[in-house]
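Every read-out reported here was derived from the displayed coordinates using simple, explicitly stated rules and does not represent laboratory data. None of the values given here were measured: they were computed from a predicted structure. So basically every Cβ, Gly included, is an ideal-geometry build from the backbone, and we count neighbours across all protein chains shown.
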Amino acid sequence: MAQITVTTDRVIGQVDRRIFGGFIENEGRAIDGGVYEPGSPFADESGVRTDTRDAIAGLSMPVLRWPGGNFVSAYHWVDGVGPREARPSRWDPAWGAVERNQFGTDEFMTYCADLGTEPYLCFNMGTGTLDEAMAWLEYCNGTEDTHWANLRRQHGREEPYGVTYWGLGNEMWGDFQIGHLTAQEYAAKAKRWALALKRVDPTIQLVACGRDGLQADWDAVVIEALVKYVDWYSMHIYTGSDDHWSNVLQVHQVDRALDYAGALIAGARYRQGVEHPVHITYDEWNTWFATRNDRRRGELVQERHTLSDALAVATYLNIFVRRSDVVKMANLAQVVNVLAPIVTGPDGVLKQAIYHPFAIAAAHTQDLAVDTYVECPSYAHTVEHNDRWKHTVSDLGPFPVLDVAATRSADGTRLVVSVINRDPESEHRISLVLADTALAGNVTVRTISGPHPLATNEWDAPDVVGVQESALDGSGNALELTVGACSYVQIDAPIGAHRD
Ligand code: AHR
């Protein structure tokens with residue numbers, strides 16, 4: 001029998017709710033046809049699909065990043081404000097499509113307010129100018145009697161939006177990015193922008209554009225140059241493979257990237273005497289394997305996510321919880337239609353397999369990450385299937401087949417343990433042992449599973465991968481249960497008052 005020992009006294013980090021953030025981009029059917037679809041029977045009077053918004057609300061996302069992604073590097077925000085009929089249509093060179101600009105800044109702000117989520121905007125550092133970026137910031141946050149703040153008022157919004165998070169470009173390192181830059185060019189430009197933008201609004205938090213956190217010729221250069229001027233360092237990761245083990249284990253590249261980038265940030269802050277914190281945000285992450293980026297909007301990256309992907313997503317979230325000392329924000333890429341937990345159709349929305357682990361983790365993860373000790377079979381990942389993303393992770397193994405993270409409430413009355421059985425063949429009987437507290441009542445167990453690793457939810461079978469809830473008697477300091485092959489179990493337990 002496997003054993004998971006949880007010591008609730010040993011707190012390893014304060015979980016930041018912003019790790020349950022999301023990302024939507026003007027790409028494919030994410031906005032047009034996903035979030036916004038006038039004429040749909042689900043649309044409200046402003047054209048927003050309420051079924052999509054309700055499904056997003058079920059993910060309890062505290063922060064939402066927009067408008068890109070690659071799209072932002074040729075996006076002029078001013079095209080997307082003011083009377084809709086007067087907004088210009090523009091060619092979007094990132095995704096090869098016409099952007100009609102019907103869903104812009106004010107619509108996004110309303111959307112965030114309706115969802116109770118914080119907006120995170122990204123500046124165009126490709127074709128955009130500093131002047132344009134300063135104007136956008138003033139449009140959103142300006143309080144004085146100035147042109148851009150007055151334009152916002154003229155568009156019906158008296159109060160400033162008070163947007164806190166602003167990204168200094170998106171993936172500026174790649175030659176696929178409109179106006180891409182070398183690390184040195186980016187660092188010099190981002191420093192100039194940061195100094196100027198904080199003069200417009202010193203309360204904002206700026207996010208430097210990182211790569212995957214592992215590159216000496218980008219991450220090391222940019223961190224060293226910008227640590228003084230920014231509040232966040234952004235990293236992106238996509239993983240995925242047609243091989244189940246590679247699909248779920250590639251996610252552990254996050255551990256390596258956090259070690260490296262975390263050390264670079266700590267070293268640069270120390271050397272330069274930087275007192276303010278610089279946290280990591282994984283502001284794009286997800287599984288992405290089956291669909292390729294063919295750069296045609298409409299048929300683009302509408303990934304069909306499997307149960308195996310759901311376990312990979314759960315593993316990402318477990319890692320963010322375990323590494324909550326350095327990761328303070330993460331944004332699932334993306335949320336609707338494009339690489340998404342939510343797919344829209346004429347008759348409503350479909351929740352893909354990855355929707356469910358995200359929803360229950362976001363809803364029930366507690367404030368403090370606590371130490372776990374896991375004794376279970378391990379898997380040596382000797383044959384990597386990494387043709388798509390080139391993540392090599394076998395040296396990080398052998399990997400426990402059970403991936404575990406635990407959190408408790410600050411007052412020590414609730415414990416939530418997240419157990420992912422990545423083993424596609426065997427169920428595992430586990431004993432959950434509480435080293436320093438006891439169960440104090442019935443335990444809720446939420447299970448996500450399916451018939452096989454490649455199981456998907458489809459329009460005519462939407463609940464193949466879903467959540468089942470059950471209850472177990474809880475008393476004493478141990479609990480036994482079986483975790484099925486290829487499944488995710490969230491154990492939600494009332495516990496005795498936490499010992500000091
Ligand atoms: O999420 C899809 C794309 O992936 C984003 O636009 C880009 O930032 C990343 O390469």
Next on the checklist: Please report Rg (one decimal) and Dmax (integer) in Å for the Cα set of region 15-366.
Outcome noted: 19.1, 59
Checklist entry - Going by alpha carbons, how many degrees (0 to 90, nearest 10) lie between the helix axis of 183-200 and the longest principal axis of the chain? => result 70
Item to check | With Cα atoms, 0 to 90° folded angle of helix 307-322 axis to the chain main axis | outcome: 90
Checklist outcome for this item: Residues Thr372, Thr127 in order from fewest to most other beta-carbon atoms within 10 Å are Thr127, Thr372
Checklist entry - What nm value, rounded to one decimal, do you get for the distance between Ala266 and Asp9 when each label is placed 7 Å out toward the C-beta? => result 2.5
Item to check | Burial ranking of peptide ranges 230-239, 146-155 (average Cβ count within 10 Å, highest at the top) | outcome: 230-239, 146-155
Item to check | Ascending count of other beta-carbon atoms within 10 Å, so fewest first, for Glu458, Glu99 | outcome: Glu458, Glu99
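Classify region 267-425 as rounded, prolate or oblate, taking a ≥ b ≥ c as the square roots of the eigenvalues of its Cα gyration tensor: rounded when a/c is under 1.5, otherwise prolate if a/b is larger than b/c and oblate if not.
Values: a/c = 1.38, a/b = 1.30, b/c = 1.06.
Cα axes put region 267-425 in the rounded bin.
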Item to check | Highest average packing first - 8-18, 392-402, 68-78, 270-280, Cβ atoms within 10 Å | outcome: 68-78, 8-18, 392-402, 270-280
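Under 1.5 on a/c is rounded, so check that first for region 341-397, then, if it is not, pick prolate when a/b is larger than b/c and oblate when it is not; a ≥ b ≥ c are the square roots of the alpha carbon gyration tensor eigenvalues. If you can, show how the numbers build up before the last one.
Values: a/c = 3.12, a/b = 1.32, b/c = 2.37.
Judged from the Cα gyration tensor, region 341-397 comes out oblate (a/c at least 1.5, b/c at or above a/b).
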Checklist outcome for this item: Two pseudo-spin positions, 7 Å from Cα along C-beta at Arg17 and at Leu472, lie apart in nanometres by 2.9
Checklist entry - Relative to the present Cα-Cα distance, how much length would full extension add between Glu275 and Asp411 at 0.36 nm per residue of separation? => result 45.9 nm
Checklist entry - Restricting to region 15-366, what percent of DSSP beta bridges are antiparallel, rounded to 5? => result 20
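Restricting to region 314-450, compute how many DSSP beta bridges are antiparallel as a %, nearest 5. Walk me through the numbers before you get to the answer.
On the way: 16 of 17 bridges.
DSSP beta bridges in region 314-450 are roughly 95 percent antiparallel.
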Checklist entry - With axes computed from alpha carbons, what is the tilt in degrees of helix 130-141 against the longest principal axis of the chain, rounded to the nearest 10 within 0 to 90? => result 70
Checklist entry - Tell me, Met61, Met1 in order of fewest to most beta-carbon neighbours within 10 Å? => result Met1, Met61
Checklist entry - If packing is taken as the mean number of other Cβ atoms within 10 Å per residue, what is the order of 193-204, 214-225, highest first? => result 214-225, 193-204
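As a test of the definition: which semi-axes, in Å, follow for region 235-296 when you take the square root of five times each eigenvalue of its alpha carbon gyration tensor? Largest first, please.
32, 14, 7
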Next on the checklist: With n ≥ 4 as the cut-off for DSSP H runs, can you work out [θ] at 222 nm for the chain, using -39500 (n - 2.57) per run divided by the number of residues, rounded to the nearest 500?
Outcome noted: -7000 deg cm²/dmol
